[in-house]
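Below: one structure, written as structure tokens.
The values are calculated or read from the model by the stated rules, or taken from the named source; none is laboratory data. It should be emphasised that the depicted structure is a prediction, and the values quoted were computed from it without experimental measurement. We place every Cβ from the backbone using ideal geometry, glycine too, and count neighbours over all the protein chains shown. Please note that ligands, DNA and RNA were not included when accessible areas were found on the heavy atoms of the full protein model with its side chains. Shrake-Rupley method; radii C 1.70, N 1.55, O 1.52, S 1.80 Å.
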Amino acid sequence: MVHDMDPHWLDVWIYQWGDKMTQYAYLQIHDREWAQDIAQEAFFRLYRYQEEHPDAILTVGWLYTVTKNLVRDAQRKKSARPERSVRTGSWEPLGDSMATRIEVQQVLNTLRAKDRECLWLFYYADYSIQQIAERLHLSTAGVRTRLHRARQRFATQWGRSHEHED
């Protein structure tokens, strides 16, 4: 009900807590731009949650929890995602040889379309879990489950395609 009382309620929250959320995120990930993006996303979620639940009373603890979860998602994604090649700017998930890229594509082609789509959105399109959930009309837990299973299937197929190399 915050926005019924003051049409500029979000501006007040951003003024009071924006720098603190950015600093909190920065202390975790040590990247200023990324920390600013995380804080911005946290405030976007605050706004959206308040719009969806107008009678909810939001506290700064809610905002910190959202920011903490966004930081955790970012850290997981960074550790799970291969680095961009400085030389080419392209993703190099399992090596940079053309043969490896072809093998990766062949393994991806053996997966179900749902698995390929989820892996592609996460690793190559650089979508967040939340963005994938919105795009695929799933819950964030559903996306995490789908990603986990898709990774398992990929690893299994990758292992099968390389079991005769030993």
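When you check Arg72 against the structure, is it open to solvent by 80 Å² or more (accessible area, probe 1.4 Å) and farther than 20 Å from Glu134 by Cβ, yes or no?
So Arg72 does not fit the description; no.
Quickly run through the stretch 146-166 and pick out the residues that are within 15 Å of the chain's Cα centre (by Cα) and open to solvent by 60 Å² or more (accessible area, probe 1.4 Å).
His148
Within the stretch 114-136, is there a residue that is at pLDDT 85 or above, farther than 27 Å from Ile38 by Cα, among the β-branched types (Val, Ile, Thr) and in a helix (DSSP H, G or I)?
No, there is no match, as no residue in the stretch 114-136 is at pLDDT 85 or above, farther than 27 Å from Ile38 by Cα, among the β-branched types (Val, Ile, Thr) and in a helix (DSSP H, G or I).
Give the residues of the stretch 29-63 that are open to solvent by less than 80 Å² (accessible area, probe 1.4 Å) and closer than 16 Å to Gln75 by Cα, sorted by residue number.
Ile29, Asp31, Trp34, Ala35, Ile38, Ala39, Glu41, Ala42
Just to check your reading of the model, which residue among Ser139, Ser85 is modelled with pLDDT of 90 or more and among the small types (Gly, Ala, Ser)?
Ser139 is the lone residue from the list that is modelled with pLDDT of 90 or more and among the small types (Gly, Ala, Ser).
Before we move on, is Ala25 over 14 Å from the mean Cα position of the chain (by Cα), of a type in the set (Gly, Ala, Ser), at pLDDT 85 or above and not in a helix (DSSP H, G or I)?
When the stated conditions are applied, Ala25 does not pass them.
Among the residues of the stretch 101-125 satisfying the criterion of being within 24 Å of Arg72 (Cβ to Cβ) and in contact (Cβ under 8 Å) with a residue 40 or more places away in the chain, which is least open to solvent (accessible area, probe 1.4 Å)?
Only one residue tops the list, namely Phe122.
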